[in-house]
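Coordinate-derived values only; no laboratory data. This is a predicted model, so every value here is computed, not measured. So basically every Cβ, Gly included, is an ideal-geometry build from the backbone, and we count neighbours across all protein chains shown.
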Amino acid sequence: MPRASSNERVADAEATRTWLQAQTFVRPEHVSLLGWSSGGSTALWAVRPNAKPPDGKPDFRSAVALYPGCRRSRETAWSARIPTLILIGSADDWKLASTCQQMVAGARGRSARVEIVVYPGAHHEFDRANSPLRLLTGLAHTADPSGRVHSGTNPAARADALKRVPQWLAR
């Protein structure tokens, strides 16, 4: 099955926002965007200033990206039009924290509020409950050409993220 392009994923996020805002149980100005890994990368792509929805409805209120890939966004001079929180582990060898830090630093002064939290010693999927650290192999898209990455729960990072994300979304 072919992977969806970034534009298709952003279109899906926008279609979801539009659908949610049409529901009677949703406050249209309170729809936020939340994504993990590839979904986090999509969230970053969706909040760029030139991706603003043309439909005249309220924009996303905020966004959270957990362990996103930031390389492509960094290379395209990324910035965010809405408040955006990025959570990533310092030991993530799949999606590199240093790349996200560079992306955020490059966006200073031309972006909405953007915060990045780098959890010491945390790997990819640090927030996944009860997942022992494991080595994944044979992957096509990794930070280095080995196809090998580590993934697993980091209790301290998980606990912080479980508090931090709802606080961010409730602002």
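Here P49, P53, P58, P68 are screened, and the one residue that is touching a strand residue (DSSP E or B) at 6+ places or on another chain (Cβ under 7 Å), in contact (Cβ under 8 Å) with a residue 12 or more places away in the chain and within 30 Å of W19 (Cβ to Cβ) is P68. Within region 113-171, the set of residues being free of Cβ contacts under 8 Å to residues at least 12 places away in the same chain and either part of a strand (DSSP E or B) or crowded, with 16+ Cβ neighbours inside 10 Å (or both) is empty. Being β-branched (V, I, T) and out of contact with any strand residue (DSSP E or B) (no Cβ under 7 Å at 6 or more places or on another chain) is the filter here; which residues of region 89-129 pass it? Listed by number, the list holds a single entry, T99.
Selection of region 31-75 for residues being of a type in the set (S, T, N, Q) and either more than 16 Å from the chain's Cα centre (by Cα) or on the phi > 0 side of the Ramachandran plot (or both) yields S37, N50.
Entry remark, region 21-37: residues being under 17 Å from L96 (Cα atoms) and either in contact with a His (Cβ under 9 Å, 6 or more places away or on another chain) or assigned to a loop (DSSP other than H, G, I, E, B) (or both) number 1 in total.
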